[in-house]
Structures are given as C-alpha cells and as structure tokens.
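Chemist: Before we start, here is the structure in question, set down as structure tokens.
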Amino acid sequence: MNEFADQERIDPLDQALAAVAQDVQPSRDLWPAIAAALGEPAALRAQTVHHGIASRLWLQLAAGLLLIVASSFTTYFVMQRSQQRDAMLAREEAARQSLQAPALPVMPASFGGTESLGSGYAQARASLDAEFQRRVAALPPTTRTRVQSDLAEVRRTAADIAATLSVHPNHPLLQELLLSTYQSELALLSSVNEMASATETRL
Amino acid sequence: MNMSVSIPSGVLAAALLCCAAIVHAGDKVERTVAAEARGEVAIVNIAGEVFVEGWDRNEVQVSGDLGGDARLDVTSAGGRTSINVINVRGNHTHSATDLKVRVPRDSALSVNTVSADQIIKDCRGAQRLQAVSGTIATEQWEQELEARTISGEVSIRGHDGVAQTTVNTVSGSVSLLGGSTQFAVETVTGDMRIGVRETGRGRIRTTNGELKFTGKLARDGRLEAEAVNGDLDFTLREPVNAQFDVETFNGDIVNCFGPKPVKMREYAPGNALRFTQGAGDARVRVKTLNGGVEICRE
C-alpha cells in the first residue's frame, strides 16, 4: 500500500520538464526562401539530373572498359606465364628423356660444306689414310698410279657434291650421294690396306 | 769377332744360297699333296699367273714355272692346303711365276695375287679372290663368291643355282653374266656389265663407272643402283612387275615403259620418275648425281 502512495507523489524532475517551452519561434520568416526554391524551373532541374546521369554513364563505361582491359591483360599475362611454364616443363621433360635415352650413333658427314666432319670419322679416315700411304708405296708403280688417281677422283667427287650441297643444302639426294661417296672413300682405303697387307705378310 | 773365320764362312754361305737359287730359278715344279674333298685351298702368288681348275681327285696338284727369285711352299694339314710363292730375296721386285693348280672340285678357294692374273675353272666351292694389279676370271655355281681387285678386271660366269656374289673393284671393270640371284657390285671407275638370269637382291654402286644391266626381276626382287657420274642402263626381261623409283640431280631419265620424269623442285635441279609396271611386286630404286638413267624392256 505504501508503494502506491509513493508513485502517486509528484517527481520534481517531471515538474521541471513540464515547465520547458513546447515550440521555438524562428528569428525570421523562412517561407519565402522555401517558396522560391519550390518554384525553380523544371527544365533546369531536368538538365541537372540528365547531366548527372550522363556523367555516371560515362564513368560506368570507362570503369567497364578499364575492367575489360585490366582483365584482358590479366588473362594475357596468366596465359603467357602458363605457356612459358608449359614450355619450360616440356623442355625439362625432353632434356630428362634425352638423358635417359641411349646415345644415337653419330653420323659423320659434312653437309653443305659448312659443318666439319665428325671427329670419329676424321680420326678413322686419318688412320686409314696413313696406312694407305704406306701400303700404296709398296704396290707396283702402274697400280700405285691408278689407285692414287682413283682415290683423288673419289675425293674430288665428294668435294664437288659438298659444294653443290652448300648451294642446295636440303637436297636429300645430294646428302645421300655425299654420304655414299664418303663411304666409298673409306672402302677404297681399307680395301687397299687389307689386300696389300694380305699379300705383304706372305712375302 | 773372329773375322778371319766368319768371312770365309759368309762367302761359303752366299755361294750355297746362290747355287740354291740357281736350282730354283726358272725351274719347272710339280707337287702333289692329299686334300679333302670339301677342304680349303689357299694360294698366294706375287707376279705371274694363277690357273686353278677343279677335278674329281682328293688331291691338290701344283705345277708351273717359278720365277728367278721365287720358291714354292706347299703345305697341307687339317683340311687346308696352302700354296705360297715366296720371294727369296724378300724385296718387291718379283719375276713372274706361272702356276697351274688342280684342286678337289668342291674345295673352298682363296686366292691372293699381286701383279698376277687369276683364271679359275670348274671350282664349285666358295671362292674368295683378291688381286692387286691383276684380273680375275672365274665361274660360279651354288656357293658364294667374293672377288676384289685393285686395278684389275673381274669376269664371272655364273651357272644355274642360287648364289651370292660380291664384287668390289677400285679401277677395274666387272662382268657378271648368268646365274647369281643375289649380288652386290661396287666400282670406283670401272664399268659394269651385269646379265643375270633373275635378280632376287641386287645392289650396284659406282662413282664414275657405267652400268649395262640385263635381266629379269624376281617376284619380290629388289634392285638398287647408285652412281655419281656414270650412266645406268637397265634392260629388263618380261614380264616386268615392279615399282620404280628413279631420281637424278643432273642426269637425264629415259623410260621405255611410258611415264615421264618430273622436275622435283622449283629452284633446284633434279628429276624423278616413279611408276608401277604390272603387278608391282618387285622394287627398283636408282639414284644418280650426273649420270643418266635408261629403263627399257628387252
């Protein structure tokens, strides 16, 4: 019962709030300015709005264009790097496979006159030629002359084909015939060496 | 040391050697040794001539005229008979020795000569013949034959039978007629005349030699020819059933079978002829640099 009696009692703060004024009068009349603003021409407002819309469209267009360009460059760089990476991986794989694969025999030949003969070929040829010079000196003079003439002919032929091949470097027939002529030269040298030694040891 | 003793001994020895040489010089010799029917006979002669003939005895008989500085060494053991003409003075000046050797007909034969011609008849075993500055003339039956010369012609007459023939000359011509179905012929400057009955496998190569080929291609036969400067002529016996692949760099191509050669490249020399005649079972492949090629039927 006492609680109800306390609530019914008037609070001093409420009394102070009730004493505050409910509205404030402006120091001047604001309506004329508001009415002038409301009376502004519609075309002017429309132009302002249109200008704003156009500016936004241009900005959007520029932004889109920038986005397209940026994404294109991004795609290009990503693809470029990807291709480079693929190429690098392919090269590494090829190098790895070439290391694992058995070595192919070197084909000694001078194609086109710009490449020197393989060192193995050159050594074999020099060795055969040195022995040939010893063997041929022991042959009868007439035979020696003919053999030396034939060897010179084979070498001249090889030089001619090599010279022609330098003019037509990708001609398969010339390559084939040049290789064959080199083989003929080696066959001639080894044939003379073998046959001369076969009879010489029996002297 | 002991010069007073050794000089008379040396003089005596020289006198004896001289007498021995006189005994051999220009002597007619004849030796006969037992041999196997299918054994091997090896002959070496420096200068002169070697004539070998097959017979039906199991003996090797050697006869001939020895040159002035030569002696004859004949040995036979283990199925192999060796006949060596040895130069007594050991230098490279030789007087000619002519030998006539009879061997069992089916013997394998090996002959090496220098400045000596070889003539071989009725020897039916395998033959391996080499001549430096000398010709080779032989016959071939069913066994393989290899002939090589440096500055010497090779002539082979083949008889019926499947055989393999290999000929290699440096500057000597080659004549291979009859018989062989498989052959490989190579020359540097020598010309080649090949007239085999039927070609199963043939390979021809020359640097500056010329070729005249006559023959029939076997079914599924293969014939390959290559020349740098020489002309290659083929006369083929009917029926011709082959695929042809001919190519030259500068040479002309004549084809009696009809199809014409075509230029291979716009900016480089080169003519090619590729065609099929008949069933096309066999293959003919020809390559030259400057040599011409002619293909005709007989």
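Chemist: Just to verify a result, which residue in the range B:221-238, among those that are in contact with a Leu (Cβ under 9 Å, 6 or more places away or on another chain) and more than 14 Å from every other protein chain (Cβ to nearest Cβ), is nearest to B:Thr207 (Cα to Cα)?
Modeler: Start the filter on the range B:221-238 by keeping residues that are in contact with a Leu (Cβ under 9 Å, 6 or more places away or on another chain), which leaves B:223, B:225-234, B:236-237.
Retained after the next criterion (residues that are more than 14 Å from every other protein chain (Cβ to nearest Cβ)): B:223, B:231, B:233-234, B:236-237.
Details: B:Leu223: 18, B:Asp231: 10, B:Asp233: 15, B:Phe234: 17, B:Leu236: 23, B:Arg237: 26 Å.
Among those residues, the one meeting the criterion is B:Asp231.
Chemist: Ok, one more. Please indicate, with yes or no, whether at least one residue in the range B:82-91 is buried (at least 17 other Cβ atoms within 10 Å of the Cβ), more than 14 Å from every other protein chain (Cβ to nearest Cβ) and assigned to a strand (DSSP E or B).
Modeler: no
Chemist: Go through (1) farther than 25 Å from B:Ala218 by Cβ; (2) surrounded by 20 or more Cβ atoms within 10 Å (Cβ to Cβ) and name the single condition B:Val262 misses.
Modeler: Status for B:Val262: all satisfied but (2).
Chemist: Go through the range B:221-252 and report how many residues are of a type outside the set (Gly, Ala, Ser), crowded, with 21+ Cβ neighbours inside 10 Å and within 29 Å of A:Glu153 (Cα to Cα).
Modeler: 9
Chemist: Taking B:Ala218, is it out of contact with any Leu (no Cβ under 7 Å at 6 or more places or on another chain) and among the aliphatic types (A, V, I, L, M)? Steps first, please.
Modeler: Working: out of contact with any Leu (no Cβ under 7 Å at 6 or more places or on another chain): yes; among the aliphatic types (A, V, I, L, M): yes.
Judged against the criteria, B:Ala218 is a match.
Chemist: Continuing with the same structure: Can you give me the number of residues within the range B:274-287 that are within 14 Å of chain A (Cβ to nearest Cβ) and more than 19 Å from B:Val228 (Cβ to Cβ)?
Modeler: Adding up the residues that qualify gives 1.
Chemist: Would you pick out the residues in the range B:177-199 that are away from every other protein chain (no Cβ under 14 Å) and without any contact (Cβ under 8 Å) to a residue 24 or more places away in the chain?
Modeler: B:Leu177, B:Gly178, B:Gln182, B:Phe183, B:Met192, B:Arg193, B:Ile194, B:Gly195, B:Glu198
Chemist: Inspect all residues belonging to the range B:95-118 and state whether any of them is touching a Leu at 6+ places or on another chain (Cβ under 9 Å), part of a loop (DSSP other than H, G, I, E, B) and assigned by TED's automatic domain parsing to the domain that holds B:Ile43.
Modeler: yes
Chemist: Does any residue in the range B:120-144 that is touching a residue at least 24 places away in the same chain (Cβ under 8 Å) and over 23 Å from A:Leu188 (Cβ atoms) come within less than 8 Å, Cβ to Cβ, of a residue that is of a type in the set (Asp, Glu) and outside any loop (DSSP other than H, G, I, E, B) six or more places away or on a different chain, and which pairs are these?
Modeler: Listed by first residue and then by second, the contacts come to B:Ile120/B:Glu53; B:Ile120/B:Glu139; B:Lys121/B:Glu53; B:Lys121/B:Glu139; B:Asp122/B:Glu53; B:Asp122/B:Glu139; B:Cys123/B:Glu53; B:Cys123/B:Glu139.
Chemist: Report, by residue number, each residue of the range A:166-181 that is surrounded by fewer than 22 Cβ atoms within 10 Å (Cβ to Cβ), more than 7 Å from every other protein chain (Cβ to nearest Cβ) and part of a helix (DSSP H, G or I).
Modeler: Selection gives A:Ser166, A:Val167, A:Pro172, A:Gln175, A:Leu179.
Chemist: Mind telling me which of the residues B:Val103, B:Val33, B:Val74 ends up being within 14 Å of another protein chain (Cβ to nearest Cβ) and either over 30 Å from A:Ala137 (Cβ atoms) or surrounded by fewer than 21 Cβ atoms within 10 Å (Cβ to Cβ) (or both)? So that I can check it myself, show each step before the final result.
Modeler: Numbers: B:Val103 fails: within 14 Å of another protein chain (Cβ to nearest Cβ); B:Val33 fails: within 14 Å of another protein chain (Cβ to nearest Cβ).
That would be B:Val74, the only listed residue that is within 14 Å of another protein chain (Cβ to nearest Cβ) and either over 30 Å from A:Ala137 (Cβ atoms) or surrounded by fewer than 21 Cβ atoms within 10 Å (Cβ to Cβ) (or both).
Chemist: Here's a follow-up. Quick one: is B:Val154 aliphatic (A, V, I, L, M), over 28 Å from B:Asn241 (Cβ atoms), modelled with pLDDT of 95 or more and under 11 Å from the mean Cα position of the chain (by Cα)? Reasoning before the result, please.
Modeler: Values: aliphatic (A, V, I, L, M): yes; over 28 Å from B:Asn241 (Cβ atoms): yes; modelled with pLDDT of 95 or more: yes; under 11 Å from the mean Cα position of the chain (by Cα): yes.
The answer is yes for B:Val154.
Chemist: Shifting gears a bit: Return the pairs, sorted by first residue and then second, in which the second residue is of a type outside the set (A, V, I, L, M, F, W, C) and surrounded by 15 or more Cβ atoms within 10 Å (Cβ to Cβ), the first residue lies in the range A:186-198 and is at the interface with another protein chain (Cβ under 7 Å from one of its Cβ atoms), the beta carbons are less than 6 Å apart, and the residues are 6+ apart or on different chains.
Modeler: So the pair list comes out as A:Val192/A:Arg135; A:Met195/B:Gln130; A:Ala196/A:Arg135; A:Ala198/B:Asn112.
Chemist: Is it fair to say B:Arg265 is within 14 Å of chain A (Cβ to nearest Cβ), assigned to a loop (DSSP other than H, G, I, E, B) and among the basic types (Lys, Arg)? If you could, list the steps in order and put the result at the bottom.
Modeler: Values: within 14 Å of chain A (Cβ to nearest Cβ): yes; assigned to a loop (DSSP other than H, G, I, E, B): yes; among the basic types (Lys, Arg): yes.
Yes, satisfied.
The values are calculated or read from the model by the stated rules, or taken from the named source; none is laboratory data. Owing to the predicted nature of the structure, the values given are computational and were not obtained by experimental measurement. Quick reminder, even Gly has a Cβ in these numbers, built from the backbone with ideal geometry, and neighbours come from all protein chains shown.
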